[in-house]
1. Check off (1) within 14 Å of G87 (Cα to Cα); (2) touching a Leu at 6+ places or on another chain (Cβ under 8 Å) for V129 and give me the number that stays unchecked.
2. Taking into account only those residues within region 352-410 that are of a type in the set (G, A, S) and more than 26 Å from the chain's Cα centre (by Cα), which is farthest from V295 (Cα to Cα)?
3. Note down all Cβ pairs under 6 Å where the first residue falls in region 288-307 and is among the polar types (S, T, N, Q), the second is open to solvent by less than 20 Å² (accessible area, probe 1.4 Å), and they're at least six residues apart or on different chains.
4. If E323 passes every condition in (1) in a helix (DSSP H, G or I); (2) of a type in the set (D, E, K, R); (3) within 30 Å of D163 (Cα to Cα) but one, which one does it miss?
5. May I ask you to say which residue of A278, A245, A249 is within 24 Å of T395 (Cα to Cα), touching a residue at least 60 places away in the same chain (Cβ under 8 Å) and among the small types (G, A, S)?
6. Residues A255, A276: which one is of a type in the set (A, V, I, L, M) and surrounded by fewer than 21 Cβ atoms within 10 Å (Cβ to Cβ)?
7. In the list R80, R146, R103, which residue meets the criterion of being within 30 Å of G212 (Cβ to Cβ) and of a type outside the set (S, T, Y)?
8. What are the pairs with Cβ atoms under 6 angstrom where one residue, in region 141-165, is among the acidic types (D, E) and the other, located anywhere, is surrounded by 15 or more Cβ atoms within 10 Å (Cβ to Cβ) and assigned to a loop (DSSP other than H, G, I, E, B)? Sequence gap at least six, or different chains.
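The values are calculated or read from the model by the stated rules, or taken from the named source; none is laboratory data. Here the structure is a predicted model, which is why all the values come from computation and not from measurement. Counting neighbours? That spans all protein chains shown, and the Cβs are built from the backbone with ideal geometry, glycine included. Side chains included, ligands, DNA and RNA excluded: accessible areas come from the protein's heavy atoms. Shrake-Rupley method; radii C 1.70, N 1.55, O 1.52, S 1.80 Å.
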Amino acid sequence: MAAPLHKPTVPAVREVPGGVSAPRGFRAAGLHIGIKRSRKDLALVVSESRAAAAATFTTNRVQAAPVLVTRENVQGGYLRAIVCNSGNANACNGPQGLIDARRMAELTGAALGIPAHEVAVASTGVIGVPLPMDKIAAGIQQAVYRLSPEGGTDAAMAIMTTDTVPKQIAVEVEIHGRPVRIGAMAKGSGMIHPNMATMLAFITTDAAVETGALQAVLRRSVDKTYNRISVDGDTSTNDMVVVLANGQAGHPPLAEDDPELERFAAALDYVNGYLARAIVRDGEGATKLIEIRVVGAKTEADAVQVGRSIARSNLVKTAVYGEDANWGRILCAAGYSGVDFDPSRVDIYIGDLLVAQDGTGLAFDEDKAKEILRAADVTLTVDLKAGPAAATVWTCDLTYDYVKINASYRS
C-alpha cells in the first residue's frame with residue numbers, strides 16, 4: 001500500500017453543540033421571511049462585542065453585490081454581524097443590486113445599533129432576480145428579536161439552498177491555558193469547485209486573534225479545505241468564507257509569531273475540513289463521498305493539481321457511482337492534469353485494493369472492488385512515485401439526480 005499521508009499534530013479538539021453560536025458572546029437566528037416558499041431564508045449572526053474579522057471570496061470575475069459590499073466592510077479589520085438571505089443571490093442585478101446589498105447592511109446595523117460597515121452581507125440562490133427588500137427589511141427586524149445563544153441550528157438551516165441537511169460544527173480547544181471555542185456553519189451542494197464555489201461558510205470564535213494573523217490562518221485553512229473540494233467543476237458568483245474573533249475567551253491576542261497560533265490554526269482546519277467534506281457528501285444527487293489521495297508527488301502543488309483533475313473527471317465520478325473499478329479513467333485524468341510524472345511508475349488503489357501497478361492493470365478481485373465502491377465513503381489513492389509530497393482532494397459521485405436537480409433549479 002502507498003505510504004500514508006502525513007498527518008500534522010492536532011491539539012486536543014473536542015466537539016461541542018451549538019454551531020455558530022457556541023462561542024462566548026455570539027447569538028444567532030434563522031427564520032422564514034417569504035423569499036422561499038416555506039423554508040427558512042434569513043440568517044443573522046451577531047457578536048456582543050466588536051470582533052476581528054477576516055474573509056476570502058470567490059475568484060469568479062462575475063461577483064455578486066453582497067460579495068463586493070462585504071469585501072469593502074471587512075477591509076476595516078473588524079465586524080460585529082453577518083446577515084445572509086437564501087433563495088435569491090442578488091447577483092447580476094446592476095446598480096440596484098449594490099444598493100440593496102448596502103441597504104441590508106444599513107438595516108442590520110440600525111436594528112443592532114452598530115455601524116453598517118461592521119456588517120457582512122451574503123446572499124445565495126437564483127441569479128438575476130431583484131431582492132424583495134420589503135421582506136428583507138421586515139425579516140431583519142424579526143431576526144434581531146429572535147437572536148439567541150441557541151440559534152445556531154436555525155441560522156444554519158436559513159442559509160441552505162439545494163442542501164438537504166444543515167452543515168454546522170463547534171469545537172473547543174485550549175489556548176494559553178483558556179478554553180476557546182470555534183463555531184461554524186456552511187452551505188453548499190452544487191456548483192462546487194476549488195477557488196471557492198457555490199458555498200458560504202461563517203465562522204465564529206471567542207479566541208483573541210490579531211487581524212493580520214486571522215487573515216493568514218484563514219487563507220491557509222481555506223486552501224487546504226474548501227479549495228480542495230469539487231462536486232461539478234463550477235464556481236459561482238456569491239462565495240465567501242468569513243470569520244469573526246471577538247476575544248471573549250480572555251487570553252492574550254494571538255499574533256503571527258505566537259506559537260499558540262498554530263493550535264488555533266489546527267482547530268480551524270478541523271472545523272473547515274469537517275464542513276468541506278459535509279458539502280461534498282451533500283453534493284447534488286450524490287450517494288458517495290470520494291476521497292482522492294495523491295502521494296509520491298514532487299511537490300504538494302503537483303499532488304493537489306493531480307487530485308483536482310481526477311476530482312473533476314465526470315468519467316471517474318460516474319464510474320464510482322456505477323461501482324465500476326475503471327482505474328484507467330483515474331490514470332487518464334491524472335495524465336491530463338498538466339503535472340509532469342512518469343506514467344509507467346504509477347500505482348492506483350481503490351480502497352486498499354491495488355488495481356494497477358507501474359502503470360499497468362493487475363488481475364484484481366472485481367467482486368472485492370465492487371464491494372469497496374458500494375460504500376458511502378470511497379478512497380482512491382494514486383502513487384506517482386515521483387517525490388515526497390502528498391495531498392488529499394474530495395469529490396462525490398455523479399448521478400442521474402444531479403441532472404434532475406439542475407434541470408429544474410429555477411422552477
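1. Of everything listed in (1) within 14 Å of G87 (Cα to Cα); (2) touching a Leu at 6+ places or on another chain (Cβ under 8 Å), V129 misses just condition (2).
2. Per the stated criteria, the residue is A363.
3. That search, which allows pairs on different chains as well, returns T299/A389; Q305/S337; Q305/V339.
4. Every listed condition holds for E323 apart from (1).
5. Every option except A278 fails the conditions.
6. After ruling out the rest, the residue left standing is A255.
7. Result: R80 is the single residue among R80, R146, R103 that is within 30 Å of G212 (Cβ to Cβ) and of a type outside the set (S, T, Y).
8. If the second residue must be surrounded by 15 or more Cβ atoms within 10 Å (Cβ to Cβ) and assigned to a loop (DSSP other than H, G, I, E, B), the pairs left are D163/S189; D163/D282.
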